[in-house]
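The values are calculated or read from the model by the stated rules, or taken from the named source; none is laboratory data. No experiment lies behind these values; they were computed from the predicted model shown. When we count neighbours, we look across all protein chains shown, and the Cβ atoms used for this are built from the backbone with ideal geometry, even at glycine. Note: accessible area is taken over every heavy atom of the protein model, side chains too, but ligands, DNA and RNA are not part of it. Shrake-Rupley method; radii C 1.70, N 1.55, O 1.52, S 1.80 Å.
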Amino acid sequence: MKEENLLIDVRDLRVYFHIEQGIVRAVDGLSFKIEKGQSIGIVGESGCGKTVTALSLMLLHPQPEGEIESGNIYYYPDGDRCIDIAKLGIYSRQIRNIRGNEIAMIFQEPMMSLNPVYKVGQQIMEAIRLHQKVDKTTAKELAIESLRRVKISAPERRINEYPFQLSGGMRQRVMIAIALSCNPNLLIADEPTTALDVTIEAEILKLIKDLQRELGTSLMMITHDLGVIGEVTDEVVVMYVGKIVEKAKTGKLFEKPLHPYTKALFKSRPEIRMTGRLSSIKGSVPNPYQLPEGCSFEPRCDEAMDICRKKAPDLYDLDGHCVSCWKFNLKEG
Ligand SMILES: Nc1ncnc2c1ncn2[C@@H]1O[C@H](COP(=O)(O)OP(=O)(O)O)[C@@H](O)[C@H]1O
Ligand SMILES: [Mg+2]
């Protein structure tokens, strides 16, 4: 039986790429839930599988090389109605309804998503009319309203401008306006502030958080920077090469990170360094075709033990704070 407020329930999801060099297990047995109105953060270095995870929720993972091998993406749009997105056809009517309408996504580089040859207003109106049966005049009013909602000043004038006439922060606001124009159940933001200045970043994060609260939308915030998560999300999932290494309420994770990888992510943040030296995590994310036999993080881990080289740990649940590290194995350790 499903929990009352559940929106998304991902179970043991595997998304693999079959390419010449071999198999890339981009998402390798991922399980997490998103409740209605909840915000969840997905954190990890580049290449850890964050974007593929997000895209697969809408069946937009790169195809045909990428494939959902197994697992479920249960989606509860309303009441007890349940759709397993993982089982839908990529061209099915159901998934086309969900994309952009019920689940919307914004990306790192808004210029990539905006069409350079159309005015901003036209693009918002087009998004609105794709999902709502309204005439042009109403669509224009809604477009202006949606720009006002993302705190763009003089929206009546802005709708007549082209994307290149806007700053990076302003373009990201337009993308947020488009994403929210159909009142999605889930907003996915994939590194939405990575391309922006720090001051603009803070404004955009606040905007996303405020709108999410106001509209009661669920939010999935993807980032490589733990600092971005702290203020914005209720729960954090830390990913390392396709797997969850730690999952906890944001407060708990910030108070006491357990996994050596999470601790290393904290240490590599400039704002919270204490020694005056910025330590980046030693080594790099392993080559996906040559993963170590045991724990994937073992080659970079300061606390590795013998067993870590031999066998990957399970995800242990310590009172709601989940961690995949042999140090926390209560049965065999
Ligand atoms: N089209 C593709 N073909 C082959 N491998 C891919 C493709 N897209 C992503 N990958 C691989 O999947 C893994 C996860 O990528 P991604 O989800 O983009 O990581 P992140 O968003 O965390 O930086 C990486 O090893 C990446 O190289
Ligand atoms: Mg990414």
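This table checks each residue for (1) at pLDDT 95 or above; (2) touching a Lys or Arg at 6+ places or on another chain (Cβ under 9 Å).
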{"site": "190", "(1), (2)": "yes, yes"}
{"site": "196", "(1), (2)": "no, no"}
{"site": "199", "(1), (2)": "no, no"}
{"site": "208", "(1), (2)": "yes, no"}
{"site": "218", "(1), (2)": "yes, yes"}
{"site": "227", "(1), (2)": "no, yes"}
{"site": "232", "(1), (2)": "no, yes"}
{"site": "239", "(1), (2)": "yes, yes"}
{"site": "244", "(1), (2)": "yes, no"}
With the structure loaded, tell me whether residue 252 is open to solvent by less than 40 Å² (accessible area, probe 1.4 Å) and assigned to a helix (DSSP H, G or I) or whether it fails that test.
no
Where residue 183 falls short, out of the listed (1) polar (S, T, N, Q); (2) within 14 Å of ligand 1 (Cβ to nearest atom); (3) at positive phi:
(2)
Selection from region 287-311 of residues at pLDDT 90 or above, closer than 24 Å to residue 18 by Cβ and open to solvent by less than 40 Å² (accessible area, probe 1.4 Å) yields 296
Filter region 46-66 down to residues that are open to solvent by 30 Å² or more (accessible area, probe 1.4 Å), out of contact with any Phe, Trp or Tyr (no Cβ under 8 Å at 6 or more places or on another chain) and over 17 Å from residue 99 (Cα atoms), then give me how many there are.
3
Within region 87-101, count every residue that is at pLDDT 95 or above, within 23 Å of residue 175 (Cβ to Cβ) and small (Gly, Ala, Ser).
0
Are there any pairs, at least 6 apart or on different chains, whose C-beta atoms fall under 7 Å, with the first in region 315-327 and more than 21 Å from residue 11 (Cβ to Cβ) and the second assigned to a loop (DSSP other than H, G, I, E, B) and among the charged types (D, E, K, R), and if so, which?
327/303
So which residues in region 7-26 are under 23 Å from residue 39 (Cβ atoms) and in contact with a Lys or Arg (Cβ under 6 Å, 6 or more places away or on another chain)?
7, 9
Those residues of region 255-267 which are more than 26 Å from residue 36 (Cα to Cα), charged (D, E, K, R) and in a helix (DSSP H, G or I), in sequence order:
263, 267
Residue under question is residue 200, and the condition is that it be touching a Pro at 6+ places or on another chain (Cβ under 7 Å), more than 16 Å from ligand 2 (Cβ to nearest atom), without any contact (Cβ under 8 Å) to a residue 40 or more places away in the chain and open to solvent by 10 Å² or more (accessible area, probe 1.4 Å); does it hold?
no
Neighbours by Cβ (under 6 Å, 6+ apart or cross-chain): first from region 171-196, closer than 16 Å to residue 36 by Cα; second open to solvent by 10 Å² or more (accessible area, probe 1.4 Å) and more than 16 Å from ligand 2 (Cβ to nearest atom):
184/102; 185/102
Among (1) touching a residue at least 12 places away in the same chain (Cβ under 8 Å); (2) more than 14 Å from ligand 2 (Cβ to nearest atom); (3) not polar (S, T, N, Q), where does residue 81 come up short?
(1)
Taking the residues in region 226-244 that are open to solvent by 10 Å² or more (accessible area, probe 1.4 Å) and farther than 18 Å from residue 202 by Cβ as candidates, determine which candidate is nearest to ligand 1 (Cβ to nearest atom).
241
How do the pairs read when you match residues in region 40-60 that are without any contact (Cβ under 8 Å) to a residue 40 or more places away in the chain and within 8 Å of ligand 1 (Cβ to nearest atom) with residues anywhere that are small (Gly, Ala, Ser) and open to solvent by 10 Å² or more (accessible area, probe 1.4 Å), using Cβ under 6 Å and keeping only pairs 6 or more apart or on different chains?
52/26
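Conditions (1) open to solvent by 50 Å² or more (accessible area, probe 1.4 Å); (2) small (Gly, Ala, Ser); (3) at pLDDT below 95, marked per residue:
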{"position": "68", "(1), (2), (3)": "no, no, no"}
{"position": "74", "(1), (2), (3)": "yes, no, no"}
{"position": "81", "(1), (2), (3)": "yes, no, yes"}
{"position": "85", "(1), (2), (3)": "no, no, no"}
{"position": "103", "(1), (2), (3)": "no, no, no"}
{"position": "110", "(1), (2), (3)": "no, no, yes"}
{"position": "117", "(1), (2), (3)": "yes, no, yes"}
{"position": "134", "(1), (2), (3)": "no, no, yes"}
Within region 2-30, how many residues are on the phi > 0 side of the Ramachandran plot and either among the polar types (S, T, N, Q) or away from ligand 1 (no atom under 16 Å from the Cβ) (or both)?
1
When residues of region 61-82 are limited to those that are within 15 Å of ligand 1 (Cβ to nearest atom) and not small (Gly, Ala, Ser), the one farthest from residue 238 (Cα to Cα)
64
